[in-house]
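The block underneath contains the structure these notes are about, expressed in structure tokens.
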Amino acid sequence: MAITSIKNLKDFSTNNDRFEGAHTLCPGCAHSMIVRELMNCTDDNLVISTNTGCLEVSTAVYPFTSWDTSWIHIGFENAATAVSGAEAMHKARKRKGTLKDNDAPVKFVAFGGDGSTFDIGFQWLSGAVERGHDFTYICLDNENYANTGGQRSSATPIGATTSTAQAGSHSYGKKEKKKDIVAIMAAHGAPYVAQLAPNKWKSMAKGFQKALETEGPCFINTVSPCCTEWKFDPKDTIGITDLATDSLMFPVYEIIDGHELNILYRPKNIITVEEYMGAQGRYKHLFKPEYRHVIDQVQKDVNEYWDYLQRREEARV
Amino acid sequence: MAEKYDLQEREVWDGNFAASQALRQAQVDVVAAYPITPSTPIVENYGNYVANGYIDGEFVMVESEHAAMSGCVGASAAGGRVSTATSSQGFALMAEVLYQASGMRLPIVLNVVNRALASPLNVRGDHADMYLGRDSGWIQLDAFNAQEAYDLALCAFRIGENHNVRLPVMVHQDGFITSHTAQNVYPLADEVAYNFVGDFQPVDDMLDFSRPVTYGAQTEEDWHFEHKARQHKALMDSRPIIDEVFADFEKVSGRKYNRVETYDMEDAEVAIVALGTTVETARVAAKELRAEEGIKAGVVAIRCFRPFPFDNVRDALENVKSVAVLDRSSPGGAMGAFFNEVSAALYTTANRPLVTNFIYGLGGRDFSIAEAKRIFKEQKAHADAGYITTDIQQFSGLRGPTLGFFQTKRG
Ligand SMILES: Cc1ncc(C[n+]2csc(CCOP(=O)(O)OP(=O)(O)O)c2C)c(N)n1
Ligand code: SF4
């Protein structure tokens with residue numbers, strides 16, 4: 001198993017240049033940080049598939065590619081299936097001995113945005129996980145369809161405004177709750193499921209390594225702040241991520257075999273969701289007095305969910 | 001190593017079983033599939049062969065046809081032999097991925113058992129799905145019976161995987177009429193069939209990490225046009241290679257295939273142009289009419305629907321006086337799609353024949369020898385008159401009042 005040991009950030013970040021920096025993601029986009037962490041945490045051969053979205057359109061613009069490994073993009077919804085097809089072919093060819101290097105370890109990884117994961121590609125993801133392919137699916141959760149200009153997805157939280165969940169004099173933006181994708185994927189029976197964040201880079205890399213080492217389908221949701229659609233300064237990406245994890249809008253935890261829940265980060269000082277929201281343009285309208293109840297509602301939901309996670313951690317169910 | 005399968009020199013197989021035997025003999029590495037009537041038994045049989053050791057492959061039962069083709073794309077890019085089957089609604093659900101497969105130049109073989117497209121829902125056959133695939137960049141071969149479904153599936157691997165072609169290939173057969181009717185089929189011996197298809201030779205193999213590859217990159221106006229032009233060229237350039245594979249197949253099987261199959265066309269005055277099982281019906285009608293009434297009738301059958309064999313169609317028909325083109329698909333507010341292709345091929349000939357369009361057999365409606373004879377006789381009437389004496393587009397075999405469109409402008 002060629003898992004890279006993680007000593008310090010400097011060594012780790014320069015470990016392995018299989019994801020070239022010359023892509024066209026926005027400056028400050030968290031997608032690239034997450035992808036680099038994945039690619040730097042292992043020396044194994046990688047077959048990566050990517051759903052249509054910001055990551056894909058910015059990293060393989062013909063005749064260039066940022067991917068110094070096997071990489072495939074088919075469509076918006078089917079990266080999980082493309083990689084499971086490749087994984088099936090690997091099994092067949094390994095048995096027949098027709099691979100170039102029959103013994104080299106290979107890891108199969110799919111990247112999707114929250115749109116392609118929570119919405120349009122959900123069926124394909126669910127199917128691939130049910131079939132038990134040995135792959136890791138990583139969702140880059142920026143809570144909107146960034147690539148098409150910031151429309152709502154079912155990952156968009158209550159109260160955020162998007163280009164299709166408009167805030168205005170009669171609306172406070174998105175009204176529906178964010179899908180609990182982590183619980184849904186754990187309920188699929190996936191052996192390793194986690195929610196991770198790029199500011200907690202060590203736990204993120206370790207989570208990735210666990211997923212890669214675990215046989216079978218693993219699912220990881222990663223918060224991926226989008227400066228363009230969340231409306232913050234590109235230099236603040238990690239700062240915003242700190243607010244996301246410290247307000248518990250994005251708790252960092254893992255679920256092993258569908259029942260063993262471990263909280264991977266416990267903020268020393270839990271901050272309010274108001275503080276998190278206040279740092280982003282997409283929530284600006286909520287600070288009008290008439291929408292105060294929305295912030296209160298989100299805070300209530302976050303508190304309850306944190307309680308629930310802690311109880312589950314204790315109960316091991 | 002795969003178990004030995006007991007094969008007789010002559011088998012009684014239906015078209016689905018025949019196609020699945022080709023998958024077994026080609027030792028397909030991965031089938032990603034989703035069931036739909038009437039093509040389901042093809043992939044069920046593949047699963048059986050895997051379950052019983054006749055194939056050392058991976059059978060991936062996915063959750064939809066879109067996923068079936070998506071899995072095939074991933075598997076094919078990972079450097080092995082890949083196939084699946086579908087029909088109708090399943091084909092329609094695959095449509096997005098069909099373009100992706102051909103754009104990435106992946107030699108997947110798709111057995112399409114033709115069936116009508118809803119609404120209304122109908123499990124019987126017409127060619128709506130075949131025509132839906134016509135611009136998807138796939139080679140499309142058409143089998144008229146079970147033997148051909150088997151033979152063409154073997155040829156499809158050889159054609160698609162040829163390094164000068166590298167394109168996905170569909171093999172069509174008529175739903176139920178071919179797929180579920182038992183016929184005599186003469187299979188090749190396993191070694192002969194496998195040697196004919198050959199070992200899979202990967203190009204841009206995702207599992208060869210000494211040379212990483214990027215599949216499915218994005219292009220805009222700066223490159224997209226060039227890619228599509230190259231893809232079109234690859235399809236056009238596949239024509240002599242298809243001929244070559246057919247010629248090689250004749251050497252091992254004694255059965256000769258052509259991209260356009262002509263029947264009694266040497267001296268034909270009138271002709272029917274058709275696809276699928278209708279071809280055999282039309283051939284019988286032509287033969288009988290010659291004997292009974294001395295009408296010089298012939299049949300032109302399109303074996304290779306894509307790339308469309310314009311030259312061969314033109315050559316086969318340029319000396320005929322009157323031609324009926326039979327479309328087994330709703331024209332949807334135009335002339336039949338097939339009619340348009342054949343007419344385009346004839347447009348530049350000096351002695352352009354008269355051409356009429358028959359819409360027939362939708363949703364599995366029977367097409368009889370008597371009906372084919374009636375169409376031939378009508379062509380004879382046009383030929384004698386020197387102009388089209390009926391509506392140019394007619395619905396043949398429709399219950400109730402006759403339905404026809406477009407009149408010729410005479411004299
Ligand atoms: C079948 C299909 N429908 C719609 C689109 C248009 N589309 C491309 S990317 C995208 C949104 C991507 O959002 P997400 O998955 O969240 O990724 P992000 O760009 O935010 O990283 C949409 C709607 C498409 N490419 N294919
Ligand atoms: S729009 Fe957002 S997700 Fe897309 S590249 Fe820019 S910052 Fe990243």
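This table checks each residue for (1) touching a Pro at 6+ places or on another chain (Cβ under 7 Å); (2) at pLDDT below 95; (3) within 16 Å of ligand 1 (Cβ to nearest atom).
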{"residue": "A:60", "(1), (2), (3)": "no, no, yes"}
{"residue": "A:70", "(1), (2), (3)": "yes, no, no"}
{"residue": "A:77", "(1), (2), (3)": "no, no, yes"}
{"residue": "A:84", "(1), (2), (3)": "no, no, no"}
{"residue": "A:95", "(1), (2), (3)": "no, no, no"}
{"residue": "A:99", "(1), (2), (3)": "no, no, no"}
{"residue": "A:104", "(1), (2), (3)": "no, yes, no"}
(request) Within region A:30-61, track down each residue that is within 7 Å of another protein chain (Cβ to nearest Cβ) and assigned to a strand (DSSP E or B). (result) A:45, A:47, A:49, A:61
(message) Looking at A:108, A:122, can you tell me which residue is aromatic (Phe, Trp, Tyr) and surrounded by 24 or more Cβ atoms within 10 Å (Cβ to Cβ)?
(response) A:108
(request) Filter region A:77-88 for residues that are at the interface with chain B (Cβ under 7 Å from one of its Cβ atoms) and outside any helix (DSSP H, G or I) and give the result. (result) A:78
(request) Can you tell me which residue within region A:215-250, out of those that are in contact with a Phe, Trp or Tyr (Cβ under 9 Å, 6 or more places away or on another chain), touching a residue at least 60 places away in the same chain (Cβ under 8 Å) and more than 16 Å from ligand 2 (Cβ to nearest atom), is nearest to the other protein chains (Cβ to nearest Cβ)? (result) A:217
(request) Run residue A:103 past the list (1) closer than 16 Å to residue A:218 by Cα; (2) of a type outside the set (Ser, Thr, Tyr); (3) surrounded by fewer than 24 Cβ atoms within 10 Å (Cβ to Cβ) and report the number of the one that doesn't hold. (result) (1)
(request) Select from region A:1-13 the residues that are touching a helix residue (DSSP H, G or I) at 6+ places or on another chain (Cβ under 8 Å) and assigned to a loop (DSSP other than H, G, I, E, B) and write down the one among them that is farthest from residue A:73 (Cα to Cα). (result) A:6
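Condition check ((1) assigned to a helix (DSSP H, G or I); (2) among the hydroxyl-bearing types (Ser, Thr, Tyr); (3) touching a Leu at 6+ places or on another chain (Cβ under 6 Å); (4) within 17 Å of residue B:404 (Cα to Cα)) across all residues:
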| site | (1), (2), (3), (4) |
| --- | --- |
| B:312 | yes, no, no, no |
| B:315 | yes, no, no, no |
| B:331 | no, no, no, yes |
| B:334 | no, no, no, yes |
| B:343 | yes, yes, no, no |
| B:352 | no, no, yes, no |
| B:367 | no, no, no, no |
| B:373 | yes, no, yes, no |
(message) Give me the residue from region B:53-111 that is assigned to a strand (DSSP E or B) and of a type in the set (Ser, Thr, Tyr) and, out of that set, surrounded by the fewest Cβ atoms within 10 Å (Cβ to Cβ).
(response) B:86
(message) Just to be sure before I move on: is residue B:339 surrounded by 13 or more Cβ atoms within 10 Å (Cβ to Cβ), in contact with an Asp or Glu (Cβ under 7 Å, 6 or more places away or on another chain) and free of Cβ contacts under 8 Å to residues at least 40 places away in the same chain in the structure I sent?
(response) no
(message) If I ask for residues that are among the charged types (D, E, K, R) and outside any helix (DSSP H, G or I), which ones from region B:211-238 would you list?
(response) B:211, B:220, B:221, B:222
(request) Enumerate the pairs (first residue in region A:148-165 and outside any loop (DSSP other than H, G, I, E, B); second residue anywhere and within 11 Å of ligand 1 (Cβ to nearest atom) and hydrophobic (A, V, I, L, M, F, W, C)) with beta-carbon separation below 8 Å, excluding pairs fewer than 6 apart on the same chain, so at least 6 apart or on different chains. (result) none
(message) Residues that are closer than 21 Å to residue A:148 by Cβ and assigned to a loop (DSSP other than H, G, I, E, B): does region A:103-112 have at least one?
(response) no
(message) If residue B:87 satisfies all but one of (1) farther than 28 Å from residue B:208 by Cα; (2) in contact with a Leu (Cβ under 7 Å, 6 or more places away or on another chain), what's the number of the condition it fails?
(response) (2)
(request) Just one of (1) within 11 Å of the chain's Cα centre (by Cα); (2) aliphatic (A, V, I, L, M); (3) more than 16 Å from ligand 1 (Cβ to nearest atom) trips up residue A:128, so point out which. (result) (1)
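Conditions tested, residue by residue: (1) surrounded by fewer than 24 Cβ atoms within 10 Å (Cβ to Cβ); (2) more than 11 Å from ligand 1 (Cβ to nearest atom); (3) free of Cβ contacts under 8 Å to residues at least 40 places away in the same chain.
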position: A:117; (1), (2), (3): no, no, no
position: A:134; (1), (2), (3): yes, yes, no
position: A:138; (1), (2), (3): no, yes, no
position: A:192; (1), (2), (3): no, yes, no
(message) It is to be established whether one or more residues within region A:62-76 are of a type in the set (Phe, Trp, Tyr), facing chain B (nearest Cβ under 8 Å), surrounded by 24 or more Cβ atoms within 10 Å (Cβ to Cβ) and under 24 Å from residue A:194 (Cα atoms).
(response) yes
(request) Tell me which of these residue A:114 doesn't satisfy, since it passes every other one: (1) more than 16 Å from ligand 2 (Cβ to nearest atom); (2) at pLDDT 95 or above. (result) (1)
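The values are calculated or read from the model by the stated rules, or taken from the named source; none is laboratory data. Quick caveat, the model's predicted, so the values are computed rather than measured. Because the Cβ atoms are built from the backbone with ideal geometry, glycine has one as well, and the counts that use them run over all protein chains shown.
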